[in-house]
Each structure stands twice: as structure tokens, then as C-alpha cells.
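Here the structure is laid out as C-alpha cells; the discussion comes afterwards.
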Amino acid sequence: MKSRLLIHLALIACCALAFAWLPPNADVSVLFVGTGHPDIYPDKPRMQSGIVVDVGGDRWLLDAGAGVVARMFDHKRPPGTINHIFLSHLHYDHCLDLDAVLLLWRTGGPAPKPGQPPAPRPLTLFGPDGAEKMIVDLFETAYGVDGRGRALLKIPSFKRSKIRDAGVYEGKGYKVSFREVKHAWMDCWAIKMETRKGVLVFSGDLGGPNNLKAEDNADFSEWAKGADMLIIDTLHIPPEELAKIAAKVKPKTMVFSHLTERQLPVFKHYDLSKTTALCSKEAGKVVVAEDGMELKL
Ligand SMILES: [Zn+2]
């Protein structure tokens with residue numbers, strides 16, 4: 001009888017160990033659900049900014065621009081399965097689908113038991129200054145007529161954290177930190193995920209009318225140094241300046257995102273071929289992101 005109990009205990013311990021060990025050691029996958037910029041062109045539609053990262057058994061959504069939610073369903077990562085949202089800043093091309101993501105998170109968890117409300121996974125949103133006000137305004141006022149918006153704000157497992165105060169987030173086998181970057185006049189943030197498979201950095205948006213040079217974001221480059229994968233905003237900074245960032249960070253893989261299919265007067269410096277050529281000399285390899293592209297860290 002005693003030995004049976006011991007076998008049972010040993011089995012339970014093994015299961016617990018496997019559970020504790022497997023998720024952090026599993027692959028870190030990076031799925032691009034939006035690689036475009038504010039305008040979405042019918043001839044080659046790229047959705048606005050959005051990346052889904054699976055790490056340590058958690059699912060993160062980095063930015064939630066328009067079109068991202070449909071791509072999440074296309075690629076079997078529906079909003080009900082995410083645990084964390086990071087909003088780099090509040091330009092609309094980074095948060096236009098936030099309302100859809102949140103409302104579909106609320107209803108999109110595992111199938112509910114009969115007579116019980118759906119139970120989505122806990123969700124924490126890391127947002128810049130102003131995000132809490134935006135969310136309250138959205139769900140108290142804009143969607144206030146439909147009571148489900150208000151109810152969303154009261155779900156105990158839906159937590160909001162100001163990035164500025166968030167410090168370091170410790171996941172199972174990985175940690176996440178944030179760095180303020182200069183992007184026009186916005187409160188804008190980059191995110192770093194340090195995992196057992198390597199370090200992933202997503203720049204958020206860099207640059208803007210008054211800070212087009214790599215030196216304007218020198219702190220960011222220093223902080224991102226040695227990243228295994230650097231996902232960088234390719235829209236706002238000229239190719240030569242992006243190459244300076246690449247030279248400082250020396251990423252194993254540099255991924256260009258926030259791309260446009262048309263030359264716009266406001267981004268007259270934009271030149272993807274030149275960016276690719278110059279950064280290739282500094283990074284281990286360069287990748288031009290596409291909607292639906294999935295990379296492993
Ligand atoms: Zn942007």
C-alpha cells in the first residue's frame with residue numbers, strides 16, 4: 001500500500017516537473033499579424049501593427065492595429081487565447097483593433113459549461129500613458145450603450161498596467177522589460193523578451209519629424225544590444241540611420257516591419273531595398289516581414 005502511494009507521489013512529482021519544465025523550454029514563436037502602416041492599400045494589403053508571441057506557455061499580442069484581429073483568427077490565435085497585450089503607443093495604427101480584441105477575448109475563451117458565462121484566460125494589458133483613459137472611454141462611453149463593454153472593465157482577471165510603472169515582468173522561464181523610445185511627441189515604448197531560446201526586441205515606433213537620427217534613440221540601441229531578433233520600425237527613420245542602429249545592436253536576425261507599398265511624401269526617406277542592403281552588412285541576417293509570417297526565436 002505504502003509503495004503504491006510512493007509510486008503515485010513520484011508520478012505526480014514527475015508530471016509537475018514536466019509541466020514546470022516544458023513550457024519555458026518550448027519554442028518561442030513570433031507570428032506577424034500586421035506588418036503595414038496607417039494606410040492599408042487594396043493592391044497589397046498589409047494590416048497595421050501586430051505581432052503574436054508564444055513564450056513559456058503564454059501568448060502575447062504586441063500592438064493591435066486595424067486588421068490584426070482577423071489575422072489572429074486566420075492563424076488560429078484568436079483573442080480568447082491571449083494572456084498579455086503590449087501597446088507600444090496610442091497612434092491608431094497600433095491600437096485600432098484593441099476594442100475588438102478585448103471584446104472577443106471576453107467571449108472567446110474555452111467553451112463555457114451550460115448556464116455559465118465564458119471564462120477567458122487572465123489578461124494583462126501593458127499600455128502607455130493614456131491607455132487606461134482610452135479603455136475606460138471606449139467601454140464606458142463609446143460602447144456604453146451595449147452593457148457588455150462596461151462589464152468587460154469589471155472582469156477581475158482583466159488587469160491593466162501602465163508600462164511606465166510595470167518594471168520587469170517575470171514569466172515562466174522568461175522575463176520582459178520595457179524601454180521608452182523617441183517617436184514624435186508620443187509616449188512610446190519598446191519591449192524586450194529574454195527567453196531560454198534567446199532575446200527578442202520589438203522597437204515600437206522610432207523617430208518622427210524631429211528625431212530622425214539613430215542618435216536620438218541611442219539609449220534604445222544600447223539596451224537592445226546583442227538581441228537575437230530585433231523587430232524594427234522601418235518607416236520612420238532613413239536607411240543609413242537604421243544601419244547605424246543595426247551596427248550598434250548587431251542582432252542575429254533583424255526583421256523589418258511597419259512597411260509601406262507606396263512612396264509617401266511624408267516618408268520620403270523610405271527605401272526598403274537600401275535599408276535591406278545596408279543592414280545586411282551589420283546584422284547576421286535580415287528579413288522583410290509579411291503578414292502571416294512566423295519565425296522561431
Ligand atoms: Zn506606427
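The values are calculated or read from the model by the stated rules, or taken from the named source; none is laboratory data. What you see is a predicted model; the values in this text were computed from it and never measured. Every residue, glycine as well, gets a Cβ built from its backbone with ideal geometry; the counts of neighbours run over all protein chains shown. Heads up: the accessible areas ignore ligands, DNA and RNA and are worked out on the full protein's heavy atoms, side chains in. Shrake-Rupley method; radii C 1.70, N 1.55, O 1.52, S 1.80 Å.
What to note about this one:
- Fraction of accessible area attributable to carbon and sulfur, the chain (%, probe 1.4 Å): 60
- Solvent-accessible heavy-atom area per residue, rounded to whole Å², over the chain at 1.4 Å: 47
- Ranking 238, 210, 98 by Cα position along the charge dipole of the stretch 26-288, where only Lys, Arg, Asp and Glu carry charges on their C-beta atoms, puts 98 farthest toward the positive end.
- Taking 15 Å as the straight-line reach from the Cα of residue 281, the aspartates and glutamates in range (excluding those fewer than 8 positions away in the same chain) are 240, 241.
- The chain, relative contact order [Cα under 8 Å, separation at least 6], %: 16
- Most fluctuating residue given options 192, 44, 244, as computed from a GNM of the chain linking Cα atoms under 10 Å: 44
- Gaussian network model of the chain, springs between alpha carbon atoms under 10 Å - residue of 102, 272, 259 with greatest fluctuation: 272
- Dipole of the stretch 147-199, positive direction: furthest Cα of 151, 176, 193, with charges on the beta-carbon: 151
- Length gained when the stretch residue 262-residue 196 is fully extended (0.36 nm per residue, less Cα-Cα span): 19.9 nm
- Gained length - residue 41 relative to residue 148, 0.36 nm times residue gap less alpha-carbon distance: 35.2 nm
- Helix-only CD estimate at 222 nm, as mean residue ellipticity for the chain, using -39500 (n - 2.57) per DSSP H run (n ≥ 4): -8000 deg cm²/dmol
- Restricting the calculation to Cα atoms, every distinct pair contributes to the Kirkwood radius of the chain, found to be 20.1 Å.
- Most mobile of 163, 237, 155 in a GNM of the chain (Cα contacts under 10 Å): 155
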